[in-house]
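What follows is a short report on a single structure.
The values are calculated or read from the model by the stated rules, or taken from the named source; none is laboratory data. Because the structure is a prediction, the values reported are computed rather than measured. Reconstructed Cβ throughout: ideal geometry from the backbone, glycine too, with neighbour counts over all protein chains shown. Please note that ligands, DNA and RNA were not included when accessible areas were found on the heavy atoms of the full protein model with its side chains. Shrake-Rupley method; radii C 1.70, N 1.55, O 1.52, S 1.80 Å.
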Amino acid sequence: MRIRISDIAEELGLSTATVSNVIHGKTNKVSDETVKRVQALLEQRQYIPSMAGILLAQNSSKIIGVFVNDHEKYEGHTLDDAFIASSLNALSSEIEKSGQFMMVKKAKHPEEVLKFASMWNMEGLVMMGFCQQDYRYLRSHMRIPFVVYDGYCDDPQGIVNITIDNFGGGFQVGRLFRDKGYARAICISDNETGVDQERIDGFRSGFHGAVDVMMVPMRRAERRQQYLRQIERFRRVSAVFAVSDYYAIDLMQFLGENGICVPGDAAVAGFDGTPMSELVFPALTTVRQDSGLRAKTAMEKLRELQENRETQTSVMLPVTLIERESTG
């Protein structure tokens, strides 16, 4: 049942004019306390999304929504993550070039995405870090076109997945370690699915040596405890490949702090090519992905979806191995 202004006014004991003024931002004659009460109830009764939809539907909003999964692994610092920050920076430039506006929001559930996108009458969405069920839910509940970063969907109709050559990137690191004569390596990851598994599989294929895979907790404190308990595993290898720059840099710091595999004694490589990989000591060997190219591709595919043009359901972009001091 649709909530009316009169319903809100009656529940708060206010006039419909007062509630209407708050909705339309005419609050110069309304007390701050009343404004807060009205806004709180509007949100609680989910009146704002439908109202905003009515107001915006008559015109193009020119808003591209970028939704990032507020996953627990980020420990409350989702937008501080180097990969996400780099992606947002590149998307901001491409969206601005197109004469549109970027609106960024963290979300844990697809229902939040649906509500917020409808509230602002968004013209397109870019999704990062969600799962297949989330994409299916969104596709079946809204008509707003969207593209995803590194997504997986068995039935990709109406969705464009923009990924990178994860297997090839891992392969390049494995081949580098093999050519340098390393015989035993360890891979660091927090899961055995999706892009991380592709990177590990590629590494195995390129390395040809003994590969130990260590599954680690997402939370840093728990991960450090695991490293301490399994310290001998690191002593048995001469090379480490982490599925992200973040995990590689975190491990390098841990090993250095504990006097294990100090810089120069072992090879360490990451993945993503984040700016931090060049600033640490020793500078980190990594697989760089072109965030600018991915952002440009995302906007091109969104336009094709908006115009109902035939388009690819999946685009794989190339990666580049950047060799630095951390691999000798």
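For Cα Rg over 2.2 N^0.38 Å, several values are listed as (i) 1.27; (ii) 1.21; (iii) 1.09; flag the one computed from this structure.
(ii)
Given axes a ≥ b ≥ c from the Cα gyration tensor, I'd like to know whether segment 92-172 is rounded (a/c under 1.5), prolate (a/b larger than b/c) or oblate.
Details: a/c = 2.03, a/b = 1.29, b/c = 1.57.
Judged from the Cα gyration tensor, segment 92-172 comes out oblate (a/c at least 1.5, b/c at or above a/b).
Counting heavy atoms of the protein chains only and a 1.4 Å probe, report the per residue accessible area for the chain as a whole number of Å².
Details: 16510 Å² over 328 residues.
Accessible area per residue, the chain: 50 Å².
Going by alpha carbons, how many degrees (0 to 90, nearest 10) lie between the helix axis of 32-44 and the longest principal axis of the chain?
70 degrees
Keeping the other protein chains in place, figure out the carbon and sulfur percent of the accessible area of the chain, with a 1.4 Å probe. Before the final figure, lay out the partial values.
Values: 7980 of 16510 Å².
C and S atoms contribute 48 percent here.
Taking the chain as the reference, fit the longest principal axis to its C-alpha atoms, fit the long axis of helix 82-97 to the helix C-alpha atoms, and give the angle between the two in degrees, 0 to 90, nearest 10.
50 degrees
Sort 274-285, 90-101, 306-317 by the packing proxy (mean of other Cβ within 10 Å over each peptide's residues), most packed first.
The packing order, highest mean first, is 274-285, 90-101, 306-317.
Going by alpha carbons, how many degrees (0 to 90, nearest 10) lie between the helix axis of 132-141 and the longest principal axis of the chain?
20 degrees
How much net charge surrounds residue 223 when only the other residues with a Cβ under 9 Å from the Cβ of residue 223 are counted, with Lys and Arg +1 and Asp and Glu -1? Please report the intermediate quantities before stating the final value.
Details: positive: 219, 220, 224; negative: 190, 222, 250.
Neighbour charge sum, excluding residue 223 itself: 0.
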